[in-house]
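Notes follow the structure.
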Amino acid sequence: MINIYFFRFNILIIVALLFACSTGFAQQSIEKPSYYFGNKGETISKEEFAQKAMSFGYDYKYKEMDTAFVGRLILKREKGTLTKEQLVEVRKYLKKLTGKNINTNSTIVINYFVAPKDGDKTCADSYVNDSDYAKRLQQLDLTEQFFIAEKRYQLEKKNVYQESADFLKHYLFENARTCGNYMILRPDGSFYSKYGEYEQDKIISLIDVTWDINK
C-alpha cells in the first residue's frame, strides 16, 4: 500500500514539474524582446515598422527566433521623381555606357541585374532572351530599353551592358535584389521601380499609365 501511494506521489510530482516547465517556456516565449529593421538593415521603431509595412511598395517578414521576435521590411516597389540634373546625369551615363543616343522625349526602361549570392538563383537569361517581349516593347513609340549588369556580374550576353563603376547601382538601384530589377524612367524624371523577380509584360502595361507618387 505504501508503494502505491509513493508511486502516485511521484506521478504527481512529475506532472507538476512538466506543467511548471511548460508554463515557464510559454512565459519565456511571451517575454522575448522584439526588434524591427528597415529594408537596408537599419534598426527602426515598432511604429515606423507598422506604418511602412502597410504603405506602398513594402512587404515584411516577422518571425520568432531563438531569443527574440524579429521584423524585417522588404522594399519591392518604388515611385518618385528625379530632378532635372539627375535625369541629365543618368542619360549622359547611359549614352557613355552603351554608345547610343537617347531621345530626350523617350521613356527609358532599364532592366538591372545584380550578381546572385547566398545560393540565390539568377533569372537574367529568361529576361534577356525573351524576344517576343522585346519586339512588343520596340513597337511602342519613344521607348528605349537597356539590359545592364552591375560591375561584378559578368553575364556575357551581347545585349547586356556591364557597368564599370556601378553608377546606376548606387544612383538608381541601391535596393536591387537578385533575379532581376527594372526602372521605367519618363522624360519628366518620374520613375517606377520594381526590385526582385518580375513579369516583363507588366512593364508594358505600366509605361503609359498615370503614377501617383503619393499613393
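The values are calculated or read from the model by the stated rules, or taken from the named source; none is laboratory data. In this text, all values refer to a predicted model and were calculated from it rather than measured experimentally. Note that we place each Cβ from the backbone using ideal geometry, even for glycine, and neighbour counts take in every protein chain shown. For accessibility, only protein heavy atoms count, side chains too; no ligands or nucleic acids. Shrake-Rupley method; radii C 1.70, N 1.55, O 1.52, S 1.80 Å.
Give me the percent of the accessible area of the range 78-208 that comes from carbon and sulfur atoms, probe 1.4 Å, all protein chains in place. For the range 78-208, the apolar C and S fraction of the accessible surface comes to 44 percent. Computed about its Cα centre, the charge dipole of the range 78-208 is approximately 360 debye, with only Lys, Arg, Asp and Glu carrying charge at their Cβ.
Could you pull out the pairs from LYS96/LYS202; LYS63/LYS135; LYS52/LYS96; LYS46/LYS92 whose alpha carbons sit more than 32 Å apart here? Let's see the in-between values first.
Details: LYS96/LYS202 28 Å; LYS63/LYS135 44 Å; LYS52/LYS96 37 Å; LYS46/LYS92 42 Å.
Those over the limit are LYS63/LYS135; LYS52/LYS96; LYS46/LYS92.
Remark on ARG177: its backbone amide H falls under 5 Å from those of GLY196, a criterion applied only to residues 5 or more positions apart or on other chains, H modelled at 1.01 Å from N. Placing unit charges on each Cβ (+1 for Lys and Arg, -1 for Asp and Glu) gives the range 78-208 a dipole about its Cα centre, and among LEU172, ASN101, GLY196 the Cα reaching farthest toward its positive end belongs to ASN101.
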